[in-house]
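Here's the structure we're looking at; comments come further down.
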Amino acid sequence: MGVYHADALVIRSREYGESDRLLTLFSREYGKIQAIAKGVRKPKSRQRAGAQLFTYAEYLIHKGKTLDTINQVSPKESFPHLWTDLDMSMAATAMAELLDLATIPGQPHPELFTLIFSSLFLVETCDPALVQSAYTLKLMTQLGYRPRFMECAECGQKIQGERHLFSPESGGVVCRTCQTQAGTSIIGRWVSGGSLGLMRQLLKGDLEKISRLRWNEWMKKEILDTLQFFCEQTLDRQLKSWSMGIRLVNVGQNPSGKDDLNHERSVVDRTGEN
Ligand SMILES: [Zn+2]
């Protein structure tokens, strides 16, 4: 046949050629898909809405030798709140980028589809960065990288104390004994007991119940930095949107940008280090 249907979410949208966009879609059934949306940068294109970041739509896709092409789009959901609130759009962009970097095309992950789909709704009612943190821990767990927060990742001893060394290479926190016994130095970050406790709850608890959890600005920064470090070290990729904060730009209002993302460090400098 060479043609297939996919209910999918746009997790990346880049300019391609003269008037096309190269979309990275994520569907429950097929996982990650890359497909060209032809002519969508022309003002009169009817498929324009279906090429916008975070659009959830039914796509009719023509299978190509190297790249698939989108034939038809029926949009179902556009998550309007992501386009009006900076914190929500930053969290959503960070979640989409992580999903893109952590997966390869052609491998279905229905649980990851459910995770991002519910998270994009949840950022509207819960602290977006808290949703992003829970999402990250659950995504990494699904991919086989569940971090060990309760006991030492090296020896299994129960973790005690106020500051802990978290090492992505070891797969979690490392106790003092293992730190001193290690022949070479362990690459890690120090994490406070409070942040570690909250990350345990985010890892274990239901996504829908995170609105009950509380954190302060200091813990928020520590947890986001720790999770970024964890993902980047584990996946050996750089999470660009996590470092600088990114503002969404509508496809039709983006004459110069290559992506749907406009880097604006001054507005959304989360870390204070850029
Ligand atoms: Zn140990």
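Just so it is clear, none of the values below were taken in a lab; they were calculated from the coordinates. Everything numeric here is computed off the predicted structure, so don't read it as measured data. Methodologically, a virtual Cβ is constructed for each residue, glycine included, from the backbone with ideal geometry; neighbour enumeration extends over all protein chains shown.
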Can you run phi through the Karplus equation (6.51, -1.76, 1.60; θ = phi - 60°) for the stretch 166-171 and list ³J(HN,Hα) in whole Hz, with x for Gly and Pro? 9, 10, x, 5, 7, x
From the phi of every residue in the stretch 201-210, what ³J(HN,Hα) in whole Hz does the Karplus formula 6.51 cos²θ - 1.76 cosθ + 1.60 yield, where θ is phi - 60° and glycine or proline is x? 5, 5, 5, 7, x, 5, 4, 5, 9, 6
Given Cα pairs under 8 Å that are at least 6 residues apart, what percent is the relative contact order of the chain? 17 percent
Give the cross-link partners of Lys65 among the lysines, using a straight C-alpha distance below 22 Å as the criterion and excluding same-chain residues fewer than 8 apart. Lys32, Lys38
Give the aspartates and glutamates whose C-alpha is closer than 19 Å to that of Lys209, dropping any in the same chain fewer than 8 places away, or say none. Glu111, Glu124, Asp127
Rounded to the nearest 0.05, what FRET efficiency do Glu217 and Glu151 give with R0 = 25 Å and r taken as the Cβ-Cβ distance? Could you check? 0.30
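What list do you get for His109, His5 if you sort them by fewest beta carbons within 10 Å?
Details: His109 21, His5 13.
Least crowded to most crowded, the residues run His5, His109.
Given the rule -39500 (n - 2.57) for each run of at least 4 DSSP H residues, summed and divided by the residues of the chain, what is its mean residue ellipticity at 222 nm, to the nearest 500 deg cm²/dmol? Before the final figure, lay out the partial values.
On the way: 7 runs with 87 residues, N = 274.
When only DSSP H runs of four or more count, the value is -10000 deg cm²/dmol.
Tell me which GluC sites (Glu not before Pro) from the stretch 110-162 have a DSSP coil assignment and no more than 11 other beta carbons within 10 Å of their own. Display every interim value, and only then the final one.
Details: sites: Glu111, Glu124, Glu151, Glu154, Glu162; in loops: Glu124, Glu154, Glu162.
Taking the stretch 110-162 and a limit of 11 other Cβ atoms within 10 Å, the loop GluC sites (Glu not before Pro) found are Glu162.
Given +1 on the Cβ of Lys and Arg, -1 on the Cβ of Asp and Glu, and no further charges, what dipole in debye does the chain carry about its Cα centre, rounded to the nearest 20? Before the final figure, lay out each step's value.
Working: 34 positive and 31 negative charges, 63 e Å.
It works out to roughly 300 debye.
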Helix 217-235 sits off the longest principal axis of the Cα atoms of the chain, rounded to the nearest 10 on a 0 to 90 degree scale, by 70 degrees
Pairing the Cα long axis of helix 128-142 with the longest principal axis of the chain, what angle in degrees results, from 0 to 90 and rounded to the nearest 10? 80 degrees
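Looking at the stretch 48-152, which trypsin sites (Lys or Arg not before Pro) are in a loop (DSSP not H, G, I, E or B) and have at most 15 other Cβ atoms within 10 Å? Present the calculation step by step, with values, prior to reporting the outcome.
Working: sites: Arg48, Lys63, Lys65, Lys76, Lys138, Arg148; in loops: Lys63, Lys65.
Filter output for the stretch 48-152: Lys63, Lys65.
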For Asn71, what residues show an amide H to amide H distance below 5 Å, using hydrogens built from the backbone and excluding near sequence neighbours? Leu60, Ile61, His62
